[in-house]
Amino acid sequence: MIKFTIITLFREAIEPYLQSSMMEKAVRKGLAEFDFVNLREFGLGPHRSVDDTPYGGGDGMLLRCEPVFNAIESVKAKDLSAKVIIPTPVGEIWNQSLAREFALGFGAFRSAAARDLAPAARGDGPAGRGPELSANPHYIILCPHYEGYDERILSLVDYKVSLGKYVLTGGELPALIIIDSVVRLIPGVLGGETSAEIESFSDGDNLEYPQYTRPEDFRGMKVPEVLLSGNHGEIAKWREEHSGKA
Ligand code: ADE
């Protein structure tokens with residue numbers, strides 16, 4: 001069972017997706033669990049404030065340390081093994097290899113996202129044991145909003161993940177993309193694949209080849225001959241040649 005705890009101010013922006021299609025199926029089959037923590041509940045003062053202006057000036061508001069630390073610590077109090085992910089445009093670019101590592105429950109400590117954090121923050125212990133396999137990985141995704149976050153929050157973070165070189169308004173969309181790309185790799189979510197099979201895609205980001213279904217000829221656009229040939233060797237070769245590599 002893989003678990004994601006999402007710390008957010010906008011649960012309503014995330015939850016419908018997790019209650020649909022494959023994510024819903026993963027939960028129903030007991031393969032995944034999604035939990036939410038409302039950052040507002042950890043806000044300060046009568047307005048439950050979670051943000052403040054930056055020291056040194058500048059536009060916008062930053063997530064403050066206190067609500068975020070308290071929210072993360074409330075989750076870790078129940079599960080010390082939980083690893084913290086923060087979506088940020090300056091994180092390690094997310095890809096299929098990372099999704100696979102997270103699905104398999106490896107702490108991707110060798111990843112660049114973790115390398116630039118202090119060993120204590122990485123949580124990999126003084127011996128630096130490297131990646132560990134966890135049967136029940138638990139990831140906390142902290143969804144920043146507003147213009148950013150107080151840098152000290154990173155001392156609690158295990159992985160900084162970027163979805164690409166563009167800026168979104170918050171961490172909710174990245175959280176969904178991370179969760180979807182990881183959960184679909186869990187054995188039993190899509191089909192009967194095993195984790196060994198997932199691991200065997202060790203050449204990294206080998207994307208799908210083009211596929212076709214009926215009719216053979218649609219408005220003059222024909223299905224490639226080889227796919228109709230029944231020659232499995234040739235078909236495999238064609239697919240290999242036509243698979244997009246990221
Ligand atoms: N938050 C804002 N922009 C982001 C991006 N491109 N990737 C991950 N998190 C983000």
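A few remarks follow.
- The helices (runs of 4 or more DSSP H) found entirely in segment 1-106 that carry 2 or more residues being in the same structural domain as Val161 (by TED's automatic domain parsing), farther than 30 Å from Leu207 by Cβ and of a type outside the set (Lys, Arg) are 65-76.
- Residue selected from segment 181-198 under the condition modelled with pLDDT of 95 or more and in a helix (DSSP H, G or I), by the criterion farthest from the ligand (Cβ to nearest atom): Val183
- Segment 163-180, subset more than 10 Å from the chain's Cα centre (by Cα) and near the ligand (Cβ under 6 Å from one of its atoms), residue surrounded by the most Cβ atoms within 10 Å (Cβ to Cβ): Gly171
- Residue pairs whose Cβ atoms lie under 7 Å apart, sitting 6 or more positions apart in sequence or on different chains, and linking a residue in segment 155-174 that is more than 18 Å from Val84 (Cβ to Cβ) to a partner that is near the ligand (Cβ under 6 Å from one of its atoms) and open to solvent by less than 20 Å² (accessible area, probe 1.4 Å), are Leu168/Pro174.
- Checking every residue in segment 113-124 against the condition of being at pLDDT 50 or above, under 25 Å from Lys78 (Cα atoms) and surrounded by fewer than 16 Cβ atoms within 10 Å (Cβ to Cβ) gives zero matches.
- Annotation for segment 142-156: no member residue is at pLDDT 95 or above, within 15 Å of the ligand (Cβ to nearest atom) and on the phi > 0 side of the Ramachandran plot.
The values are calculated or read from the model by the stated rules, or taken from the named source; none is laboratory data. Predicted model, so just to flag it, every value in this text is computed and none were measured. Virtual Cβ from ideal backbone geometry, glycine too; neighbours counted across all protein chains shown. Remember, those area values only see protein heavy atoms, side chains included, never the ligands or the DNA or RNA. Shrake-Rupley method; radii C 1.70, N 1.55, O 1.52, S 1.80 Å.
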